[in-house]
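What follows is a single structure, written as structure tokens, with notes after it.
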Amino acid sequence: MKYETVIGLEVHIELATESKIFCSCSAKFGGEQNDHVCPACAGMPGMLPIVNKRVVDLGMTAGMMLNCHINRTTTFDKKSYYYPDLPNAYQTTQWFAPVAVNGTVEIETSKGKKNVRIKQIHMEEDAGKLVHDDWTNTTLVDFNRTSVPLIEIVSQPDLSSAEEVVAYLERLRSLLRFAKVSDCRMEQGSMRCDVNLSVRPEGSDKLGIRTEMKNMNSISAITRAIEYEVARHIDAIENGTEELVQETRRWDDVKGKSYAMRNKETAGDYRYFPDPNVMPVVIDDEWYDGIKATLPEFPEVKRARYIDQLGLGEYDADQLVESRAFCDCFEEAYAVCGNAKEVANYLISDCMNLLNKKQMTVDMLTLEGKSLGELINLVTEGKVSRPNAKKILAVMFENDINPAEYAEKEGFIVSNDTGKIEKVIAEAIASDPKAVADFKGGKEKALMALFGKCMKELKGNCDPQTLREMLIDAVNKQ
Ligand code: ZN
Ligand code: MN
């Protein structure tokens, strides 16, 4: 018999906010354990939560990017469960009126395009982190992550393969990074994925027994886990190797196997009820329209515009739309210099090299687009040589400098002073009579030694073609 796989995803994404969801503690990743904690996020009695408006802004932004309906009155609820990393013994989340509902995300795989329906996006707080210390055989709890704001994006069970899941996750990541909702870094845990999976005979409309794998945090692990689970389910159905039960399973990526963790809770187990401490959030037209106005162009719209209107090649356009920071810098620089190809080259090769050297990701680019455009103008006007432009770029990368002023100050302006060039050439010729003789004897390469010497003496501030012509002239006159 042939089977089809039915997969729904719950994706948790940490929001790019400065502070936590209900208090003013820092929401940043890292720091000493229990440094970002106050009585409110530690769940001390009598402390009241206050909603961080920025969280609602980003929740709405995410909803709009995924074509959702935004609930104009959105409320918070308590989800009760006990675990040592949850100081209140309940999570404040959204159940009855989540910020966004009924969206769609278009994905593309080898089988073509497909719409994945979004059931809802809700805002909630993260839990703390348990740290196991094998040395003392104890478990410690770090509350830094407690109350860090999350959105959870719940899809309908519209996905049917690992390939589709990967395409969906990559699409979410691209859209939400573009809208600056989150950096969506799976390896740092700012994007985590729960996979709900079942299989059924092809064409059947009845759902099979569903299992859930929680907190998957790498694309490759997700792919392997899905393939393993599908095979396990089919084996159980066909050969009766085990009895399938609805449960939560843990994926062990090293062993390449999933293990039963606990029976799947149902919504009833969590005793959801409205959190009386958090007031309903009412989104008026002004707020709604304000967020709508900040939405970025979708990456594929930008890509098409870069190719059709600015004349970029597909490769360059693809590289740029990988990152919003690159797109912003590209567009600012283009506005200044009007040379799309040059800007793309500087970003894709030189800036990328600088980022790699500093072990920074593309989103960490802080280069001012305006300054990059000005630097390119200096190069195309012949005022600064290309090698020197690279040196200036490396400085611009760290500091906000004016490239023209910097080039002037550091002696990087190309000299049109032929008297000076002639003097440097004369010195080079005098210092290396062998190179002169070799060149005149037919060894073309001998000129390079002289050329290099002159360029070095001129600090690269000379048009190479001019220097070459003047040099050949001078050597021939010897
Ligand atoms: Zn706090
Ligand atoms: Mn959740």
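The values are calculated or read from the model by the stated rules, or taken from the named source; none is laboratory data. Here the structure is a predicted model, which is why all the values come from computation and not from measurement. Heads up, the Cβs are rebuilt from the backbone with ideal geometry, glycines too, and the neighbour counts pull from every protein chain shown. The accessibility values were calculated without ligands, DNA or RNA, using every heavy atom of the protein model including side chains. Shrake-Rupley method; radii C 1.70, N 1.55, O 1.52, S 1.80 Å.
Listed values, structure above:
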quantity: Residue tally, condition surrounded by fewer than 19 Cβ atoms within 10 Å (Cβ to Cβ) and either touching a residue at least 12 places away in the same chain (Cβ under 8 Å) or part of a helix (DSSP H, G or I) (or both), over the range 411-435; calculated: 15
quantity: Any hit, the range 95-112, residues being within 16 Å of ligand 1 (Cβ to nearest atom) and crowded, with 22+ Cβ neighbours inside 10 Å; calculated: no
quantity: Matching residues in the range 18-41 - criterion: being within 13 Å of ligand 1 (Cβ to nearest atom), within 21 Å of the chain's Cα centre (by Cα) and assigned to a loop (DSSP other than H, G, I, E, B); calculated: GLU18, LYS20, ALA27, LYS28
quantity: Meets criteria (away from ligand 2 (no atom under 16 Å from the Cβ), touching a residue at least 12 places away in the same chain (Cβ under 8 Å) and either in contact with a helix residue (DSSP H, G or I) (Cβ under 6 Å, 6 or more places away or on another chain) or over 30 Å from GLU202 (Cβ atoms) (or both)) for ALA27; calculated: yes
quantity: Some residue of the range 121-129 being surrounded by fewer than 20 Cβ atoms within 10 Å (Cβ to Cβ) and more than 16 Å from ligand 1 (Cβ to nearest atom); calculated: no
quantity: Residue in the range 59-68 that is within 16 Å of ligand 1 (Cβ to nearest atom) and either in contact (Cβ under 8 Å) with a residue 24 or more places away in the chain or under 30 Å from LEU295 (Cα atoms) (or both) present; calculated: no
quantity: Where THR138 falls short, out of the listed (1) more than 16 Å from ligand 1 (Cβ to nearest atom); (2) open to solvent by 40 Å² or more (accessible area, probe 1.4 Å); (3) in contact with a helix residue (DSSP H, G or I) (Cβ under 9 Å, 6 or more places away or on another chain); calculated: (3)
quantity: Scan of the range 260-277 for residues that are open to solvent by 80 Å² or more (accessible area, probe 1.4 Å), touching a strand residue (DSSP E or B) at 6+ places or on another chain (Cβ under 6 Å) and free of Cβ contacts under 8 Å to residues at least 60 places away in the same chain, ordered by number; calculated: MET261, ARG262, ASN263
quantity: Any hit, the range 277-299, residues being farther than 29 Å from SER182 by Cα and charged (D, E, K, R); calculated: no
